[in-house]
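The values are calculated or read from the model by the stated rules, or taken from the named source; none is laboratory data. Quantities reported herein were computed from a predicted structural model and do not represent experimental measurements. Cβ placement follows ideal geometry from the backbone for every residue including glycine, while neighbour counts extend to all protein chains displayed.
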Ligand SMILES: Cc1cc2nc3c(=O)[nH]c(=O)nc-3n(C[C@H](O)[C@H](O)[C@H](O)COP(=O)(O)OP(=O)(O)OC[C@H]3O[C@@H](n4cnc5c(N)ncnc54)[C@H](O)[C@@H]3O)c2cc1C
Ligand code: FES
């Protein structure tokens, strides 16, 4: 269904997906009303929250996806600081927490996700943080005074970036992950090893395992004191808890040998190998839960994300889902994992705008992402696990630089990851999307130009 | 601006590449990135408007440069921003080819 010229669009969620949709609708000439509802004080971009904006303690304005002038210019009805509390799919209305009911011709769920928490004794303590919103970043930054010791749980993309940023602001960092080398499926073994080694090289105390409990600081080190999880945060019923992937056995205490907490440390984190670490705060970087509550309550098909077809249609006519929350069904009927990367959210928004305007969306190529930490820039395209052979291109100068890793499958590129070599990935991306035949020998040869391969294919 | 600044010879910048010229040489507020896009030469302020990145290291294609960090796209012709995450454009400078010399005329409002 395409939208009538004056059709009303209500977007729930003013993250990258929702904002990209609105901008693209206007760019495509849509003149009808567009409202964006978001519970946060501004339409914010998230990647800088674990990177530069965290280190610089940047004001929220610097993270705004749209300036107030641009919102006015686009004629967007921006409902900042408002929660959408109900969606009536049949009547096609969205109800806000102030009682406003917004009627729509198309409702778009661009609700993203919230950070997953882990269930462990003390896990409800206000000292336990997650990172998804600007307010989360401010709270972690406030806890990260120079010399403060922060335990980061999870060394995936966000945990790793945050560890780097915490070091940059002078905090002591302990990083724990169940995998001795995290991110192997995402970047391949060689690059994963290089990236993980950067933590220790920057003074991070790297552990293998998970968190079992967080105990009150004043009891830490007193052999006879009962283990006491920190008081629950009042009113912290932030929805369903997912059981932690971590081992949840009770904290181990060895009477008499427990370490005395450093003065001022606020709590003791107990790891699942029994290790005890005096900390000032804990940050969980263990993934997200898609924001499916409204969709579920409205009876839409939900399965770890809002299930959509290739044209972002949910199971109910007139209701669409895009960005991190959407889980597109593949042509063979299977449900691949949700894409949780920045560019995918932007492209979803632009593609849905085209569809609503009755145009064919631009063809979607291989997914692209980046990560910045310890002064290096990592980026990747496509996949680095599954069928195929990993090919490494070693740096020309053996003393400096990093290898580029490729996944070669059936004589074509399927993925690539680089550190500080973005143009290798930009070239790989085009080679993948154009299906240009490549060989392992060419890929591995640092003197062969990927760009020339592309030119030759034109 | 009558006199431009000769920044390189035409053969110094390969197709699809950029060259960073120091602000000390150009007398401008920012360094200047000079690009060769299919034999046509363009000049922009070098620093991406998003974070700190040198556009001279970017991916040049079809009249645009893609930032080497987060891939914000800028028009080579006028520096206009074409895609997020950048929300502001960068200044463009006029380029003139004199014989085999690439001559840049810095924009008046970008002079230091
Ligand atoms: C710290 C951090 C760093 C990241 N770094 C990178 C990176 O380096 N590279 C990369 O590729 N990706 C990165 N990502 C991922 C990227 O930011 C996400 O993929 C992107 O934000 C998804 O956009 P979205 O619009 O789908 O969702 P979101 O950005 O989550 O936006 C959803 C919005 O909906 C609002 N909302 C939800 N429900 C309601 C409701 N009922 N009522 C009102 N408002 C509601 C929320 O407040 C939120 O603002 C990072 C993410 C985080 C958190
Ligand atoms: S620094 Fe250029 S896009 Fe981020």
Scope the stretch A:6-24; condition over 16 Å from residue A:112 (Cα atoms) and in contact with a helix residue (DSSP H, G or I) (Cβ under 6 Å, 6 or more places away or on another chain); matching residues: A:24
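Yes or no, residue by residue, for (1) more than 14 Å from every other protein chain (Cβ to nearest Cβ); (2) more than 16 Å from ligand 2 (Cβ to nearest atom); (3) crowded, with 19+ Cβ neighbours inside 10 Å:
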{"position": "A:10", "(1), (2), (3)": "yes, yes, yes"}
{"position": "A:43", "(1), (2), (3)": "no, yes, yes"}
{"position": "A:46", "(1), (2), (3)": "no, no, yes"}
{"position": "A:84", "(1), (2), (3)": "yes, yes, yes"}
{"position": "A:93", "(1), (2), (3)": "yes, yes, no"}
Scanning the stretch A:384-401 for residues that are under 18 Å from residue A:182 (Cα atoms) and in contact (Cβ under 8 Å) with a residue 40 or more places away in the chain, the one nearest to the other protein chains (Cβ to nearest Cβ) turns out to be A:384
Sort out for me the strands (runs of 3 or more DSSP E) sitting completely within the stretch B:10-112 that have 1 or more residues that are within 14 Å of chain A (Cβ to nearest Cβ) and either closer than 20 Å to residue A:449 by Cβ or modelled with pLDDT under 95 (or both). B:18-21, B:32-37, B:59-61, B:64-66
Any hit, the stretch A:42-58, residues being under 30 Å from residue A:159 (Cβ atoms), away from ligand 1 (no atom under 14 Å from the Cβ) and not assigned by TED's automatic domain parsing to the domain that holds residue A:145: yes
Quick check on my filter: what residues within the stretch B:52-93 are buried (at least 19 other Cβ atoms within 10 Å of the Cβ) and within 16 Å of ligand 1 (Cβ to nearest atom)? B:53, B:66, B:67, B:68, B:69, B:70, B:71, B:72, B:84, B:85, B:86
Might you let me know whether the stretch A:16-29 holds any residue that is buried (at least 18 other Cβ atoms within 10 Å of the Cβ), more than 23 Å from residue A:339 (Cα to Cα) and either within 9 Å of ligand 1 (Cβ to nearest atom) or assigned by TED's automatic domain parsing to the domain that holds residue A:105 (or both)? no
Testing residue A:335 on (1) surrounded by fewer than 19 Cβ atoms within 10 Å (Cβ to Cβ); (2) touching a residue at least 60 places away in the same chain (Cβ under 8 Å), one condition comes back false. Which one is that? (2)
Taking the stretch A:395-445 and keeping only residues that are under 20 Å from residue A:196 (Cα atoms), in a loop (DSSP other than H, G, I, E, B) and touching a helix residue (DSSP H, G or I) at 6+ places or on another chain (Cβ under 8 Å), one is left with A:402, A:403
Looking at this structure, is residue A:32 away from every other protein chain (no Cβ under 14 Å) and in contact with a helix residue (DSSP H, G or I) (Cβ under 9 Å, 6 or more places away or on another chain)? yes
Restricting attention to the stretch A:294-312, and to residues there that are in contact (Cβ under 8 Å) with a residue 24 or more places away in the chain and part of a strand (DSSP E or B), which single residue is nearest to ligand 1 (Cβ to nearest atom)? A:306
Pull out all pairs, ordered by first then second residue, where Cβ-Cβ is under 8 Å, the residues are six or more apart or on different chains, the first lies in the stretch A:70-82 and is within 14 Å of chain B (Cβ to nearest Cβ), and the second is part of a strand (DSSP E or B) and at pLDDT 95 or above. A:71/A:78; A:74/A:34
What do you reckon, is residue A:175 within 12 Å of ligand 1 (Cβ to nearest atom) and at negative phi? no
Before we move on, is residue A:56 within 14 Å of another protein chain (Cβ to nearest Cβ) and surrounded by fewer than 17 Cβ atoms within 10 Å (Cβ to Cβ)? yes
Tally of residues being surrounded by 20 or more Cβ atoms within 10 Å (Cβ to Cβ) and more than 20 Å from residue A:88 (Cβ to Cβ) across the stretch A:297-311: 1
What tally of residues in the stretch A:68-90 results from selecting those that are in a loop (DSSP other than H, G, I, E, B) and under 20 Å from residue A:39 (Cβ atoms)? 3
In the stretch A:1-40, how many residues are assigned to a loop (DSSP other than H, G, I, E, B) and at pLDDT 95 or above? 13
